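Accompanying notes for the structure given below.
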Amino acid sequence: MSTLPLISCRGLTKIYPLSGVEVHALRGVDLDIERGEMVAIMGPSGSGKSTLMNILGCMDMQTEGSYYFDGVDTGDLDARELAGLRNKKFGFVFQRYNLLPRASALYNVEIPLFYSGMYGDEVKNRALAALKRFGIDDLADHRPNQLSGGQQQRVAIARAVVNNPLVVLADEPTGALDTTNSLEVMKILQKMHIEQSVTVIIITHEPEIAGFCPRKLIMRDGKIISDQFSASDVRR
Amino acid sequence: MSVRFQVLSSFSIDALKANKMRSFLTMLGIIIGVAAVILMMSIGQGAQQQVLSRINSLGSNLLTVMPGAAGQFVRSGNVNTLTLKDAQAIAKLTGVACVAPTVRGSALATCGNKTWTTSISGTTQEITDISSLEIEQGRFFSESDVNGISAVAVIGQTVYENLFDSGADPVGSEIRLSGVTFKVIGLLKTIGASSGGDDRDDTIYIPVTTAQIRLLGTTNQSVNQVQVQVQDINQISTVQDEIASLLRKRHRLSDQADDDFNIRDITQIQNTAQNVTGILTLFLAGVAMISLIVGGIGIMNIMLVSVTERTREIGLRMAIGATRQDILNQFLYEAILLSLTGSFFGIVFGVAGSKIFSYFAKWSTAISIQAVVLSVVFALIIGVFFGYYPARRASRLNPAEALSFE
Ligand SMILES: Nc1ncnc2c1ncn2[C@@H]1O[C@H](COP(=O)(O)OP(=O)(O)O)[C@@H](O)[C@H]1O
Ligand SMILES: [Mg+2]
């Protein structure tokens, strides 16, 4: 008896009804990702990468096809259960960081914990620990606009992993960063992948960034046209 | 798994603080609404209390007999069915303590070079008991003055102030009322502040006979009203019935004929006054409620704008685990917080406004706990009602779409 991979999609399609014209963002995606993999998704813009990632992260629903996460058919889950998955099992990192602008770094990291029903010192301690992990605990009371892009993205990563997710989903996490910070962010993600076996899925345009990932998917027109494991292990 | 209340409140307070101007403008509607409800109701209830306390001060063992059929407020002189003789007959009934017939009119009073238009009350000495009149100087006229048709007058404080120099002793001086000379024999104490109605200090009391014959030229002895003080308050309805049958007999009314007089006791007048002022209060409160509803629409408007403006934030919150309920709660909580804070300031301004109003308008106001509770509850209902729709809309957003919202 075979167990399902952590992520298992069959025939995923996504159609956006865009003012009369239907946009086929995904046209039949089959994808299996095992626990602990680190995967890069590449492809031209508009090829459906973000759409796929949103579905994988339970942020959106496919039009057709099935998506099993950790053995559960996500199509059977209600809005509340999906919110629970996003809160506990997934961590999102965005190109534009998406921090709450008026809140401190610490508070931004605390929010997912609040939504888990935690409160009090436990929240603060865990958020501080997450910041410390990425060497930015001294910036805890800074607001996003007092932080550099690299620092903001590290706060965002701290927020993504503060609840110890199974999967980190990063949509062009280095898209707005310079090379130094980009490499820094990638090293952080790689470290989590190696040390904690967190499954990491990264959308990127840059081959150098994709080079951190042992597995590369290439998408075009809503389909996966290439799925390769690198011969040489790039773990450094 | 749900966000704790205190966390929720910190989310909401942060959001409201982040946009202070907008929060304030939203609250303004509620502030004005609540303040208006409290102010209006305090004015209405102040009026009610004042009218009732004035009526109560008349004494509850009083019956007032007026000419004309019941149901019509008759004050004109063209209903002449009640006479001085009727009053004298009533006085002889058992259970009646005393009777004061009154004719009313107004006259131009002259004293030296001063003139003053005032009201004339032609009555008997019993009025001092019935209306609780007290003498400050001199004396009230007596039964013999009434029988003798004496040209004597007892003046109220307002009349004194307008006809005499302050400090001057009015007793013994002569005044002219519509050309007839009267001797002032007494000055009344101030009866009290008046509200809205006629100034009872602005009256000259003269014997009823003198008023009828010398001043008003009434030939048929008719009076405007007869006030009857009953000995025992428990007997008041018995006495009322006796007066009615006496008058019917005296007026030779057939069995089928309607009464040509009407008798009111104080409770009747109280009820009427209470109804009228109650309606006034309700009307004022209704007007104020409308402004509260408008304030509620303001909340909805701002909440809708806020939801749209914060769509990305909502998307982000959902991406990191907020349930629909969490989002709904947050926005509802914001709406409730806005309306409660607004209510608080509304109460402050409403109470202050009511005090200021009563100070400048010389109209006592009464702030009731009902008005405060009513307006706060109403503001809260409005906050929840108008906050719910935008909140629900926010909570129904798809996280991916909300997050990519531009
Ligand atoms: N919310 C949406 N409504 C309509 N069309 C959309 C929406 N999101 C994405 N699309 C369309 O779907 C296609 C795939 O988009 P996306 O997944 O964002 O591509 P990528 O991330 O690879 O650039 C594009 O043509 C895009 O215009
Ligand atoms: Mg994209």
- request: Could you tell me whether A:G71 is touching a residue at least 60 places away in the same chain (Cβ under 8 Å) and either away from chain B (no Cβ under 14 Å) or aliphatic (A, V, I, L, M) (or both)?
  value: yes
field: Selection status of A:G149, among the small types (G, A, S), surrounded by fewer than 21 Cβ atoms within 10 Å (Cβ to Cβ) and either modelled with pLDDT of 95 or more or within 16 Å of ligand 1 (Cβ to nearest atom) (or both)
entry: no
field: Residues (surrounded by fewer than 19 Cβ atoms within 10 Å (Cβ to Cβ) and either more than 13 Å from ligand 1 (Cβ to nearest atom) or within 14 Å of another protein chain (Cβ to nearest Cβ) (or both)) located in region A:16-28
entry: A:Y16, A:P17, A:L18, A:V23, A:G28
field: All positions within region B:307-327 that are within 14 Å of chain A (Cβ to nearest Cβ) and in contact with a Phe, Trp or Tyr (Cβ under 8 Å, 6 or more places away or on another chain)
entry: B:T311, B:R312, B:G315, B:R317, B:A319, B:I320, B:G321, B:A322, B:T323, B:D326
message: Name the single residue that is farthest from A:P214 (Cα to Cα) among those in region A:52-68 being without any contact (Cβ under 8 Å) to a residue 40 or more places away in the chain and within 16 Å of ligand 2 (Cβ to nearest atom).
response: A:M59
- request: Output the residues belonging to region B:96-129 that are within 14 Å of B:S142 (Cα to Cα), among the hydroxyl-bearing types (S, T, Y) and assigned to a strand (DSSP E or B).
  value: B:T123
query: Pick from region B:354-406 the residues that are within 14 Å of chain A (Cβ to nearest Cβ) and part of a loop (DSSP other than H, G, I, E, B): which of them is surrounded by the most Cβ atoms within 10 Å (Cβ to Cβ)?
result: B:L397
query: With respect to the numbered conditions (1) outside any helix (DSSP H, G or I); (2) farther than 27 Å from B:I13 by Cβ; (3) of a type in the set (G, A, S); (4) more than 17 Å from the chain's Cα centre (by Cα), which one is the sole condition not fulfilled by A:A103?
result: (2)
query: Can you name every residue in region B:341-373 that is hydrophobic (A, V, I, L, M, F, W, C) and touching a helix residue (DSSP H, G or I) at 6+ places or on another chain (Cβ under 7 Å)?
result: B:F345, B:I347, B:F349, B:V351, B:F357, B:W363, B:A366, B:I367, B:A371, B:V372
task: Filter region B:1-52 for residues that are surrounded by 20 or more Cβ atoms within 10 Å (Cβ to Cβ) and not in a helix (DSSP H, G or I) and give the result.
output: B:V3
query: Residues in region A:152-172: is at least one surrounded by fewer than 20 Cβ atoms within 10 Å (Cβ to Cβ), under 11 Å from A:Y97 (Cβ atoms) and among the small types (G, A, S)?
result: no
field: Single residue of region A:86-140 satisfying the filter (more than 8 Å from every other protein chain (Cβ to nearest Cβ) and on the phi > 0 side of the Ramachandran plot) that is modelled with the lowest pLDDT
entry: A:G120
task: Look at region A:198-216 and say how many of its residues are within 18 Å of A:S8 (Cα to Cα) and more than 14 Å from ligand 2 (Cβ to nearest atom).
output: 5
message: When you check A:P5 against the structure, is it within 23 Å of B:R310 (Cα to Cα) and either within 16 Å of ligand 1 (Cβ to nearest atom) or more than 17 Å from the chain's Cα centre (by Cα) (or both), yes or no?
response: no
query: Since A:P44 meets every condition but one in (1) surrounded by fewer than 13 Cβ atoms within 10 Å (Cβ to Cβ); (2) in contact (Cβ under 8 Å) with a residue 40 or more places away in the chain; (3) within 14 Å of another protein chain (Cβ to nearest Cβ), which condition does it not meet?
result: (3)
Members of region A:29-57 found to be assigned to a strand (DSSP E or B) and either modelled with pLDDT under 95 or away from ligand 1 (no atom under 16 Å from the Cβ) (or both), listed by number: A:D30, A:D32, A:I33, A:M38
field: Residues that are in contact with an Asp or Glu (Cβ under 9 Å, 6 or more places away or on another chain), under 13 Å from A:K223 (Cβ atoms) and more than 16 Å from ligand 2 (Cβ to nearest atom), drawn from region A:13-51
entry: A:T13, A:R27, A:G28, A:L31
- prompt: Within the group B:I293, B:I279, which residue is under 22 Å from the mean Cα position of the chain (by Cα), part of a helix (DSSP H, G or I) and more than 30 Å from B:T83 (Cα to Cα)?
  reply: B:I279
message: Please count how many residues of region A:58-90 are away from ligand 1 (no atom under 15 Å from the Cβ) and in a loop (DSSP other than H, G, I, E, B).
response: 6
message: Would you confirm whether or not region A:170-178 contains a residue that is away from ligand 2 (no atom under 15 Å from the Cβ), under 13 Å from the mean Cα position of the chain (by Cα), modelled with pLDDT of 95 or more and closer than 21 Å to A:I136 by Cα?
response: no
statement: By residue number, the members of region B:313-328 that are assigned to a loop (DSSP other than H, G, I, E, B) and either within 13 Å of A:E110 (Cα to Cα) or hydrophobic (A, V, I, L, M, F, W, C) (or both) are B:I320, B:G321, B:A322
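The values are calculated or read from the model by the stated rules, or taken from the named source; none is laboratory data. Since the model is a prediction, treat every value here as computed from it, not as a measurement. Don't worry about glycine lacking a Cβ; one is built from the backbone with ideal geometry, like all the others, and counts go over all protein chains shown.
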